[in-house]
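Any read-out appearing in this document is the output of simple, stated calculations on the displayed coordinates, not a laboratory observation. Note that this is a predicted model, so its numbers are computed, not measured. Methodologically, a virtual Cβ is constructed for each residue, glycine included, from the backbone with ideal geometry; neighbour enumeration extends over all protein chains shown.
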Amino acid sequence: MLTVLNQVFVRTFYVKNAGTFLVLILLAFGFLSAVEHKALIMAALGSPFFLGLVFIIWGLYLLKTVAFVRQELMAPEHLFLQTCWLLPTVTRWLMWLVIQTALLAPVLGYAAWMLQLAILHERWDSFTAIILVCIGLIATGAGLADYRLRHPNPNALQLPHLTVKLPYELFFPTYWLRYEPLSLLLTKAFSGLLLAGVCRLYPTDDYDQRLLLIGLLLAVLGHSQVGGQVSAFERHYLIFLQNLPLAWWQRFVRYALMYGLLWLPELLILLRNCPADVQLQYVLWLWLTGWGGTLLLHSLAYEYATLPERWLSGVLASFIGGLLAIMFGLPVGIWLVLTWAGAIGYWYWSFGRRMAM
């Protein structure tokens with residue numbers, strides 16, 4: 001039975017998310033060396049706040065695995081798994097503990113590295129916290145999976161509906177928050193924690209402002225899937241949108257306001273964690289550049305059914321090209337002009353092309 005569950009849950013999970021894991025590995029270990037990773041781990045071991053942020057990321061990953069298990073249990077082709085609740089409770093729990101441990105393998109691997117450094121530097125408080133959190137993650141995931149198995153159709157809590165008239169700029173953010181909260185949390189957590197980490201890493205060595213630009217590039221690329229999500233949302237819920245008598249610039253302004261709202265948390269993070277020797281003007285330019293970068297990605301992804309493999313290749317190529325340009329000293333002012341000019345220019349060209357079809 002355990003072999004069947006491994007095929008249904010573990011193998012399928014890693015196959016479906018192979019692209020995501022590849023991007024995270026390339027971005028994390030291509031951007032930071034092993035020495036810098038150890039420095040971040042030591043910072044986390046010495047700071048309860050930073051360690052708590054790491055635990056939050058692990059919790060978000062747990063939610064992703066729990067959502068996947070729930071989805072697979074409800075799939076029509078896997079209804080035969082409902083018979084597993086007839087197994088003895090101890091056997092069933094051991095089975096789920098093994099499955100959840102396999103699903104949490106990336107988290108547990110990184111936790112093992114942290115535990116090794118905690119032992120080496122005698123950080124026993126952090127060592128204990130990591131052990132307890134890992135046990136809690138495995139037990140929580142197993143418990144939620146077993147609960148879903150025993151309650152395939154739980155009674156939903158019905159709350160009263162509150163009708164609020166929303167402007168168009170809030171349509172997708174509201175939908176993203178209500179119906180795809182895990183995607184929203186993972187996207188913003190990756191972006192925000194990356195920017196905060198880069199800002200805190202900046203004063204620790206002889207870094208220059210190119211480090212902040214590299215962090216910004218990674219944060220923007222972390223939003224590369226949002227343009228496709230916006231396009232899919234509008235095709236499903238706002239079919240009439242393309243027929244509205246709106247000029248190209250009116251549509252672009254609406255999208256710009258929407259992405260400005262989505263990109264607003266990054267401004268707060270940059271202002272809160274801004275290094276002392278970096279001017280406020282430079283931080284604002286960074287944020288505006290990131291805003292333009294998200295709009296450029298939106299213009300490239302909107303209304304185009306690009307294969308995930310090709311889009312992933314484009315994201316990786318953009319990272320490599322952007323990294324080389326940053327290392328050669330391309331200033332933030334040029335990046336600001338390029339991102340906004342590219343977003344406006346490509347949107348104008350693609351809009352004219354769509355109207356001509």
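The gain in end-to-end length when the Val253 to Leu94 segment is fully stretched comes to 51.8 nm, 0.36 nm per residue minus the alpha carbon separation.
Return the inverse of the average 1/r over all pairs of distinct C-alpha atoms in the stretch 35-135, which is the Kirkwood hydrodynamic radius, in Å to one decimal.
Values: mean 1/r = 0.0645 Å⁻¹.
By the Kirkwood definition, the hydrodynamic radius is 15.5 Å.
From the alpha carbon centroid of the stretch 186-246 to that of the stretch 107-154 is 29 Å.
For Cα pairs less than 8 Å apart in space and 6+ apart in sequence, what is the mean separation divided by the residue count of the chain, i.e. the relative contact order in percent? List each step's numbers first, then the result.
Values: 245 pairs, mean separation 59.2, N = 357.
Rounded, it is 17 percent for the chain.
For Tyr168 and Leu271, what does the FRET efficiency come to when R0 = 22 Å and r is the distance between their Cβ atoms, rounded to the nearest 0.05? Before the final figure, lay out each step's value.
Details: r = 28 Å, r/R0 = 1.27.
That pair, Tyr168 with Leu271, gives E of 0.20.
Placing a label point 7 Å from the Cα of Leu40 along the Cα-to-Cβ direction, no residue of the stretch 325-353 has a backbone N closer than 17 Å.
Classify the chain: rounded, prolate or oblate, from the alpha-carbon gyration tensor (a ≥ b ≥ c, eigenvalue square roots; a/c under 1.5 rounded; otherwise prolate if a/b is larger than b/c)? List each step's numbers first, then the result.
Working: a/c = 2.06, a/b = 1.21, b/c = 1.70.
It comes out oblate by the Cα gyration axes.
Apply 1/(1 + (r/R0)^6) to the Cβ-Cβ distance of Arg354 and Glu77, taking R0 = 51 Å, and write down the FRET efficiency to the nearest 0.05.
Values: r = 38 Å, r/R0 = 0.75.
About 0.85, to the nearest 0.05.
Candidate membrane-span-like segments in the chain, meaning DSSP H helices with Cα atoms spread over at least 30 Å of their own axis and a Kyte-Doolittle mean of -1.0 or above, are 48-74, 124-150, 280-301, 332-356, with no membrane implied.
For the pair Tyr237 and Phe328, label points projected 7 Å from Cα toward Cβ lie 4.3 nm apart.
Please give the calculated 222 nm ellipticity per residue for the chain, where each DSSP H segment of at least 4 residues contributes -39500 (n - 2.57) and the sum is spread over every residue; nearest 500 deg cm²/dmol? Walk me through the intermediate numbers first.
Working: 17 runs with 266 residues, N = 357.
Using -39500 (n - 2.57) per qualifying helix, the result is -24500 deg cm²/dmol.
Name the shape class, rounded, prolate or oblate, that the alpha-carbon gyration tensor gives for the stretch 206-357, where a ≥ b ≥ c are the square roots of its eigenvalues, rounded holds for a/c under 1.5, and otherwise prolate holds if a/b is larger than b/c and oblate otherwise. Prolate, because a/c is 1.5 or more and a/b exceeds b/c.
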